[in-house]
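Please read the structure below before turning to the comments.
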Amino acid sequence: MNTKIELGAIWPDMPRFQEGIRRAPDRGYTLDNEKTVTALKNALRYLPAELHEKAAPEFLEELRTRGRIYAYRWRPEGDLKAKPIDEYKGKCLAGKAFQVMIDNNLSFDVALYPYELVTYGETGQVAQNWLQYRLIKKYLEELTEEQTLVVESGHPLGLFPSRPDAPRVIITNAMMVGMFDNLHDWHEAMQLGVANYGQMTAGGWMYIGPQGIVHGTFNTILNAGRMKLGVPEDGDLRGHIFVSSGLGGMSGAQPKAAEIAGAAAIIAEVDESRIKTRMDQGWVSARTENIEEAFSLAQKAMDERKPLSIAYHGNVVDLLEYAVAHNKKIELLSDQTSCHAVYEGGYCPVGLTFEQRTELLHNDPARFHQLVDESLRRHFEAIKALVARGTYFFDYGNSFMKAIYDAGVKEISRNGVDEKDGFIWPSYVEDIMGPMLFDYGYGPFRWVCLSGKHEDLIKTDKAAMECIDPNRRGQDRDNYNWIRDAEKNALVVGTQARILYQDAMGRLKIALRFNEMVRNGEVGPIMLGRDHHDVSGTDSPFRETSNIKDGSNVMADMAVQCFAGNCARGMSLVALHNGGGVGIGKAINGGFGMVCDGSQRVDEILKKAMLWDVMGGVARRSWARNENAMSTVREWNETQGVNGFVITEPNIADEDLIRGLL
Ligand SMILES: NC(=O)c1ccc[n+]([C@@H]2O[C@H](COP(=O)([O-])OP(=O)(O)OC[C@H]3O[C@@H](n4cnc5c(N)ncnc54)[C@H](O)[C@@H]3O)[C@@H](O)[C@H]2O)c1
């Protein structure tokens, strides 16, 4: 038994930075001398004293030039592509399984900035630095069924005595105390090396490449078409156009989802390398630097009723201003630049190339800030003009409208004064995902075949399809079609993983079926999980909970309870984060990972935890008087109440009665 787990006195060679691999921009060094001393002492805690003299100047240089300490020297050389689970060392299956998940989050194919441990969403990191990565790996190799590894903002606090039915890993990221929960204090804490921005599945080790978001994006734009363009229930988006921006981690799902839904899509992207990545993967079909050509290619596809995704290499503001000036038709419009971090490089101001943006951010952050604000104001004006002509614009959960508000456009707030009542245009959750999916319990269930075998994935696709009754609801038919066509749509990037929207019972049924398949030796072990962007996992007033209208959208009880309930019921991994998607202070989100080893023990955990994980959120949505959630809970109480699963239902007051009193 090891009594101490540590990095030891190794001094690795500085790894090579491979050409063509994207690098994160400078995050901005702002610490004074006193705090710089603290930051360096903090990083050196991971190393024995004999290495401090050599390591300290290197860390200082990283802090000054990159705005944080990554400890690049401790990054293993080359690509960290996930291997089959059997090739990892470990004393329990979960310990090996999480190494698969972490490496996948950091591999060249999957990660946005692999050298900076950023998986997606401009700033979403697995851990803060490579010292933490190495130490986490060591702990996972030692972890047993009688222990729980605690990870706080990327720092492995240690292995603590536990039991087989408890989580093997508990993760929290950037859980700042209320009065310090703001961008200024976050930026300082990040430089000090005490806070990690985990986004959702980056710091929760559950990212499965852009496929994870393709299904949600497909659901969103298809349902937007049904709602706003009169697309019939059994129809698709052939002959219609969708315009947006971003071909990054999540935004890169847009062209693929649009094609699967049948649309013509133009996606603006300033970074040539991201266009190349998506084209190499076959996720984008055409590219151009010419706006007129982008629109004429889209028109031709619409005329021929063929799906086509086009990457426009340039700034989205230029694209939209052109559409306004030349009266180009845009039916569905959104934006997926990284507005949760506009001033950290997530949003490229119009007039700057991507390279100029990176340079300016480093050399003159104040000027960069000013240009971002100017660009956002122009962006707003262009969208306003298009909406006036009939375009349906929706915010894609990237804090876009909040960023415009922060850039000084008060007009974008619903009450014209502050952001408390939301904004003038809907968020995709408010109009589409919330009422049509989350309120019923449908959310982004996912799994990873840990064997790394593609044949396992095909078997699980088939098994999942057999669990769905396509005639139950429209949503079930969409999900059935999705999984039926998943293999044909070649969605896998990284590990052999699948996303499939399901409700509470659907998820449980599939989970139990998979565990049975593992038990029977039909497939290797499977990791179950979900995006944190789900029914219960996230409290975020501008996004996941934007269709909560009883005033509780400012509360984060649901996300915290979801996390705690999953811990109590024994999910293998539980995670809780500050800020995912929309940025620090604007959301609390959590997720889980569950390793199916084929045991009866796992069956028992699944029966309790999978249902809690979804129904906790449906219950809260019902209590907020959301109609579809109320009917789901009513049906639930009628069918599941006998099993001791009873949910409080709201009584509905007569609004006229109350108004009459005022
Ligand atoms: N897809 C979803 O369902 C979903 C859900 C929630 C949140 N989001 C949010 O969407 C945003 C994007 O996520 P991501 O992982 O793709 O981030 P990302 O940073 O990987 O990608 C954003 C892309 O936008 C490009 N870009 C920035 N400014 C631009 C401009 N003015 N014109 C054209 N391109 C520009 C960047 O070069 C980058 O490639 C984030 O804020 C994320 O939180 C997405």
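What follows draws every value from the coordinates through simple rules; no lab data is involved. Being a predicted model, the structure only gives us computed values, none of them experimental. Methodologically, a virtual Cβ is constructed for each residue, glycine included, from the backbone with ideal geometry; neighbour enumeration extends over all protein chains shown.
Assorted remarks:
- ³J(HN,Hα) computed for each position of region 166-180 - Karplus, 6.51 cos²θ - 1.76 cosθ + 1.60, integer Hz, glycine/proline x: 9, x, 7, 9, 10, 10, 10, 9, 6, 7, 7, 5, x, 5, 9
- Pairs from the list 137/509; 329/384; 306/329; 35/586; 228/410 with a Cα-Cα gap above 22 Å: 137/509; 35/586; 228/410.
- Cα centroid of region 583-662 to Cα centroid of region 283-317, whole Å: 42 Å
- About the centre of its Cα atoms, the chain shows a dipole size close to 820 debye [charges on the beta carbon of Lys, Arg (+1) and Asp, Glu (-1) only; nearest 20 debye].
- For the chain, hydrophobic long helices are taken as DSSP H runs at least 30 Å long by C-alpha position along their axis with mean Kyte-Doolittle hydropathy of -0.5 or more; these are 365-388, 600-623.
- Expressed as a whole percent, the proportion of Cα-Cα pairs in region 50-141 lying more than 23 Å apart is 28%.
- A viscosity of 1.306 mPa s and a temperature of 10 °C, combined with the Kirkwood radius over C-alpha pairs in the Stokes-Einstein formula, give region 465-574 a diffusion coefficient of 98 µm²/s.
- Environment charge at residue 586 (Cβ cut-off 12 Å; Lys +1, Arg +1, Asp -1, Glu -1): -3
- Across q = 0.09, 0.14 Å⁻¹, region 257-375 modelled as identical point scatterers on its alpha-carbon atoms has Debye log10 I(q)/I(0) values of -0.27, -0.62, in the order of the q list.
- Here is how the number arises for the chain: DSSP H runs of 4 or more residues each give -39500 (n - 2.57), the sum is divided by the residue count, and the result at 222 nm is -12500 deg cm²/dmol.
- Most positive-pole-ward Cα, 660, 241, 195, against dipole of the chain from beta carbon charges: 195
- Peptide packing for 512-518, 609-615 was compared via the average number of neighbouring C-beta atoms within 10 Å per residue; ordered from the highest value, the list is 609-615, 512-518.
- Average projected area [Cα convex hull, region 166-261], square nanometres: 9.9 nm²
- Reachable lysines from residue 138, criterion Cα separation under 16 angstrom, eight or more residues apart if same chain: 4, 89, 91, 96
- Cβ-Cβ distance of residue 653 and residue 5, R₀ of 45 Å, FRET efficiency by 1/(1 + (r/R0)^6): the value works out to about 0.20.
- Which of 518, 489, 502, positive extreme of dipole for region 482-548 (C-beta unit charges): 518
- Protection proxy ranking, peptides 555-564, 16-25, average beta carbon neighbours within 10 Å, highest first: 555-564, 16-25
- Estimated distance in nm for a label pair at residue 61 and residue 146, the labels positioned 7 Å out from Cα along Cα-to-Cβ: 4.6 nm
- 24 Å tail of the calculated P(r), region 1-102, as % of Cα pairs: 41 percent
- Estimated Rh, the chain: Kirkwood, alpha-carbon pairs, angstrom: 25.2 Å
- Beta bridge orientation in the chain: antiparallel %, DSSP, nearest 5: 55 percent
- When the convex hull of its Cα atoms is viewed from all sides, region 448-504 shows a mean projected area of 4.0 nm².
- Dipole magnitude of region 238-297 about its Cα centre (Cβ charges: Lys, Arg +1; Asp, Glu -1), debye to nearest 20: 260 debye
- Projected onto planes of every orientation and averaged, the convex hull of the alpha-carbon atoms in region 400-532 covers 9.9 nm².
- Note: relative contact order over the chain, using C-alpha pairs below 8 Å and six or more positions apart, is 13 percent.
- Near residue 27, once Lys and Arg are set to +1 and Asp and Glu to -1 for all other residues with Cβ below 11 Å from its Cβ, the sum equals -3.
- Averaging the sequence gap over all C-alpha pairs within less than 8 Å and six or more residues apart, then dividing by the number of residues, gives region 235-379 a relative contact order of 25 percent.
- Relative packing of peptides 6-12, 218-224, 78-84 - highest average C-beta neighbours within 10 Å first: 218-224, 78-84, 6-12
- Both radii come from the Cα set of region 557-628: Rg as radius of gyration, Rh as Kirkwood radius; their ratio Rg/Rh reads 1.04.
- Alpha carbon centroid spacing (whole Å) that separates region 121-195 from region 348-378: 32 Å
- Taking 31, 149 and counting other C-beta atoms within 10 Å, the order from fewest to most: 31, 149
- Taking amide H atoms as placed 1.01 Å from N in the peptide plane, the amide H of residue 162 lies under 5 Å from those of 147, 148, each 5 or more residues away in sequence or on another chain.
- Applying 0.36 nm per residue to the separation of residue 81 and residue 182 and subtracting their alpha-carbon distance, the gain on full extension is 32.9 nm.
- What separates the Cα centres of region 412-478 and region 9-74 is a distance of 40 Å.
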